[in-house]
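To keep things clear, I will list the structure first and then write my remarks on it.
The values are calculated or read from the model by the stated rules, or taken from the named source; none is laboratory data. This structure is a prediction, so every number in the text was calculated from the model and none was measured. For neighbour counting, all protein chains shown are included, and Cβ atoms are generated from backbone atoms with ideal geometry for every residue, glycine included.
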Amino acid sequence: MALFRGLYPEIAATLQMGHTLKDIHQRLVEDGVEVSYTVFLSYISRIRQERARSPFVQNQQPLTVPTSAKAPAAREDPLASAMRALSKPRYDIREAMCDGDPTKKSCSDCPFSALAIPY
């Protein structure tokens, strides 16, 4: 796409002279630029959109925080948050529902004991 950005002033001048994008694409292919016509049209469309944007949008600088307001970055182990999450006790449905019995045979106070399928 950078190639076409550099060539765009010449492409625009050629279009002003009455040539079509199809003619320009054909000439570029003859000169050794390997690009399909649809990709070429896409690039030209993008370049036109970039040039149509207001100058404020094109020259806008990213917002920066003043250096005095920056807090010093704390160096933390990249895996520290994962280790904290893994060290927490986990919820176990078997313990909550049937005292750790996965077959539900000895689940006397389990609220779903009436729904258990006999084996």
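Observations on the model:
- Residues located in region 7-22, provided they are surrounded by 10 or more Cβ atoms within 10 Å (Cβ to Cβ) and either part of a helix (DSSP H, G or I) or among the β-branched types (Val, Ile, Thr) (or both): Leu7, Tyr8, Glu10, Ile11, Ala12, Ala13, Thr14, Leu15, Thr20, Leu21, Lys22
- Filter result for the condition that a residue is in contact with a helix residue (DSSP H, G or I) (Cβ under 7 Å, 6 or more places away or on another chain) and at pLDDT 90 or above, over Leu41, Leu28: Leu41
- Selection count where residues are surrounded by fewer than 12 Cβ atoms within 10 Å (Cβ to Cβ) and modelled with pLDDT of 85 or more, scope region 44-65: 5
- Residue within region 96-113 that is at pLDDT 65 or above and of a type in the set (Asp, Glu) present: no
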